[in-house]
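Following: one structure in C-alpha cells, then a few remarks.
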Amino acid sequence: MIKVDEKIVEINKFPDGTPRINLDVDEFDACLFNWIRIDWKYENDSEMFYLMLIKRHLEKHFPSATDIELFLPYVPNARMDRTKNTDEVFTLKYFCDFINSLGFSNVYVLDPHSDVSVALLNRCVVLTPEKYIRDVFRSMEVTSNVVLYFPDSSAAKRYSELFPDISYCYGEKKRDWKTGKILGLDVRTNGIDLSGKTILMIDDIISYGGSLFYSAEELKKYNPYKIYAYATHTENSVLDKENGTLIKALENNTVERLFTTNSLFTGEHEKITVMEVLGE
C-alpha cells in the first residue's frame, strides 16, 4: 500500500494488467511546506514500479526545491544482506540501488533487520521500536518483575540499550548450518532468577516464529509467571498452523500474546495484538 500525504493511492488496472493511477497534485500542500511524504507499507514487489511512477509524477508537478521523503517501515529483501556464491543474487543491494535511484530526500526505516540495508540506502534515517515496546509494557499491565529476553546476543546488544533500567537475558541458538533450521536453544540468564518473572521476548522480524517458540519452550523451564512476545515485523506465515511454531505456543498458552506492528502483518488472531505504525 502506498500513501501520499496520508492519502491512499488507488492502483487500478487496464485490461492488459498495466497500472492506471490517478493522483491529483492539487490536493497536496507541498507548495506551502516544500515537503511531501510517501508512505510505502510493503505488500508485494509490484509496488516498486508503482512507487517509481508516483515519484516521477510528483517530480513533474512540483519544483525541484520540494523535498520528497519515503517512509518505508519494513525493508524488503533485508534478509538477503550478503552473498557467498556467484549464483546468489544480492537482492538487498539491488533493491537499495533502486530506491536510491529515485532520489528521496530522506528514507525512514523502522527497526531494520540488517545494518547492511541502512548502509546501502542513501540518506537513511533509522527509527527504533522503543515507543511500540513501551506500549506493550502498558498492555501487559505490569510495572515490576519484568525481564526482557532476546533470541541472540546481537539482539540483546541492539535492544537492551533502549531500556537500560530493565534486566535482560538472551538465547544461543543451535542450528543446522546446512539447512539453517533451528535445532534448539540455550538460555543465558545473566544470573537472573526468572522464577515468577514476567518475560517479554523481543525480536525484529518473525516468519514462522521458530526462534521465539524454542525460546519460550526453554524459558518455561525456569517457572516464569508469564511469557509475552514482541516482533516489530511479522509475516503472515506466523499463522500457518502446519509449518508455524510460535502459533502453537500461543494456542497452548505457553506464550500469552504476540504484539507486533502492521508494517507487514495483515492477518488476525485472538492472541495477536497489532499496533499501527506511525511516521515521524
Cα-Cα over 21 Å, subset of Lys3/Lys60; Lys174/Lys226; Lys221/Lys248; Lys157/Lys226; Lys197/Lys221; Lys41/Lys173: Lys174/Lys226; Lys157/Lys226; Lys41/Lys173
Sequence of Lys41, Lys157, Lys220 from largest to smallest accessible area, 1.4 Å probe: Lys157, Lys220, Lys41
Sites Ile192 and Thr273, calculated FRET efficiency, Cβ-Cβ separation with R0 22 Å, nearest 0.05: 0.25
Shape of the stretch 88-181, Cα gyration tensor, a/c cut at 1.5: oblate
For the chain: relative contact order, % (alpha-carbon pairs under 8 angstrom, 6 or more apart): 11 percent
Of Lys13/Lys84; Lys84/Lys131; Lys131/Lys271, those spanning more than 28 Å from alpha-carbon to alpha-carbon: Lys13/Lys84; Lys84/Lys131
Hull volume in cubic angstrom per residue (convex hull over the Cα atoms of the chain): 165 Å³
Distant-in-sequence amide H partners of Trp35 (H built 1.01 Å from N, under 5 Å): Asp67
MRE, 222 nm, helices only [DSSP H, n ≥ 4, -39500 (n - 2.57), over the chain, to nearest 500]: -7500 deg cm²/dmol
Using alpha carbons only: equivalent-ellipsoid semi-axes of the stretch 1-117, gyration tensor based, whole Å: 27, 18, 12
Point-charge dipole on Cβ atoms (K/R +1, D/E -1) for the stretch 1-94, about Cα centre, debye to 20: 360 debye
Point-charge dipole on Cβ atoms (K/R +1, D/E -1) for the chain, about Cα centre, debye to 20: 840 debye
Only Lys, Arg (+1) and Asp, Glu (-1) charged, at Cβ; the stretch 140-280 dipole about Cα centre in debye: 540 debye
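The values are calculated or read from the model by the stated rules, or taken from the named source; none is laboratory data. Worth saying up front: this structure is predicted, and the values here are computed from it rather than measured. Here the Cβ is made from the backbone with ideal geometry for all residues, glycine too, and neighbour counts use every protein chain on show. All accessible areas refer to the heavy atoms of the entire protein, side chains included, with ligands and DNA or RNA removed. Shrake-Rupley method; radii C 1.70, N 1.55, O 1.52, S 1.80 Å.
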